[in-house]
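Asks: Dropping a structure here in structure tokens format, bear with me for questions.
The values are calculated or read from the model by the stated rules, or taken from the named source; none is laboratory data. Everything quoted here is computed from the prediction, not taken from an experiment. Using ideal geometry, Cβ is built from the backbone for each residue, glycine included, and neighbour counts are taken over all protein chains shown. These area figures cover heavy atoms from the full protein model, side chains too; ligands, DNA and RNA do not enter into them. Shrake-Rupley method; radii C 1.70, N 1.55, O 1.52, S 1.80 Å.
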Amino acid sequence: QAFERSGVLLRDIGQMSRSNWGRTAGHRVLDIPLFGVCPVESKSLVIVCGGGGSSRSGVTNALHVLSTHSNSILSPLSCTELHDVPVHLALNQNESLLAVAVGFGCKLYTIADTKLVPISNEVSDSPQSKTIPSRTAFVQFNADGTKLLLGFESGLLQLFTMITSETAIEKLLLDQEVHHESSLMDMHISRENVTTSLSKEQCIVWKFDAAEVKCLAKLTAQSEKVHERSSKKMFQLKCCRMHPIRGSEYVFIAEVVQKKSTFLSVWIRESRTKSELDSRGEYRCLLFQQVLKSPVTGMEFSKDGRMLAFGSASATLALYSVFITDRIRGANSQKKEPSVSLIPAWTSESSVPFLTREYSLHQLPISALCFAQNTNAIVTASPDYSVGIHMLAVADSSDRFVLILSLFALFLAFLFGFMR
């Protein structure tokens, strides 16, 4: 009986810890596998995309708009069907324009209340130089929303300039393009129009100028140094992001080691003045730290750059607090040394045996994730047709009291069992 009581208490403690850090507030199953998610903070909406592809699979290709007004419910509001499967979403800064990576180009939409209104000037079957046509994998706006960056599976990057009038977008002009050396795994554009493109083996930092595209640096996996004696490559780069506030000064790269765990490397650019930004700069690694026990599938910053979330192939989540400081080297020194720290804030992975267990809202890997509700929630999407919302709230004093009381009752239950 004592062990039965302790088992109930253990489950209660695990449920309580999950309800305080990473409170699961909603779970919605849709009619399509999902590959992308994007928040619309001003309207308390979330847009997800996915489908069955261009062939006749019987599964539609669509964009779903869901409401996040309630913390416990994800309510479907509208659905827009497409001819091909959408795989990635991006929203401009003022949340007036949505870009969707679909087929061999992208489509643009405006958001009217809870519906998506298509714009006729789409980058459909956009020119891809003389390379073999490739499907669009990623799409993103720059900070002021005047440029649109497309990334293709073949490694091609194309930067478009948006020609707008007072009432509408007139056309998109192909400004510049550059080709990554291998297939594209991820990409990101910063405030200064500096772009990172990621392949399995290296991350290239590009600077898009008016005259030409410059390569600022080529960053490689840090785990390669650990396994340099091995004949097989035990690493694979998966995600890259630049800091939303510091820009290209800090580059974050997530890499999978031995097809199991995930490590994060943080790089800083040595030349940090604005005049030196246009020249080739040197990056060095400041931090190399394990962040997941399973392969990473997605990585996103909060808008203020203080939180960094990871989604994994085992459908788990991990949340970290990011601290960037400038430390003085010595007592008499005036030179400051930059420092980056990643502090675990919450994870759904099993951390303490018997007290916590690994849990997830999804049956398949997390395909996309984003912050929502002013960084108070994380929304995840998965090919298992489901989308989930995880509320982030620190335990209050009453919850801590219940936790302490539960632990004390657990101790009494074990003590009573041994006495009998």
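Asks: For the stretch 6-32, name all the residues that are at pLDDT 65 or above, open to solvent by less than 30 Å² (accessible area, probe 1.4 Å) and within 27 Å of Trp346 (Cβ to Cβ).
Replies: Hits for the stretch 6-32 are Gly26, Leu30.
Asks: Among Glu300, Glu282, which is the only one that is closer than 22 Å to Arg269 by Cβ and in contact with an Asp or Glu (Cβ under 6 Å, 6 or more places away or on another chain)?
Replies: One residue alone meets the criteria, Glu282.
Asks: Quick one: which residue in Leu77, Leu97 is among the aliphatic types (A, V, I, L, M), touching a Leu at 6+ places or on another chain (Cβ under 8 Å) and over 28 Å from Leu156 (Cα atoms)?
Replies: Leu77
Asks: When residues of the stretch 287-303 are filtered for being open to solvent by 50 Å² or more (accessible area, probe 1.4 Å) and assigned to a strand (DSSP E or B), how many remain?
Replies: Adding up the residues that qualify gives 3.
Asks: Further, regarding this structure: Filter the stretch 304-317 for residues that are over 18 Å from Leu237 (Cβ atoms) and open to solvent by less than 10 Å² (accessible area, probe 1.4 Å) and give the result.
Replies: Selection gives Gly305, Ala309, Ala315, Thr316, Leu317.
Asks: Given the structure, is Gln158 modelled with pLDDT of 85 or more, crowded, with 20+ Cβ neighbours inside 10 Å, of a type outside the set (A, V, I, L, M) and closer than 19 Å to Cys38 by Cα?
Replies: no
Asks: What's the number of the condition Lys218 fails, among (1) more than 17 Å from Phe288 (Cβ to Cβ); (2) at pLDDT below 75?
Replies: Among (1) more than 17 Å from Phe288 (Cβ to Cβ); (2) at pLDDT below 75, Lys218 violates only (2).
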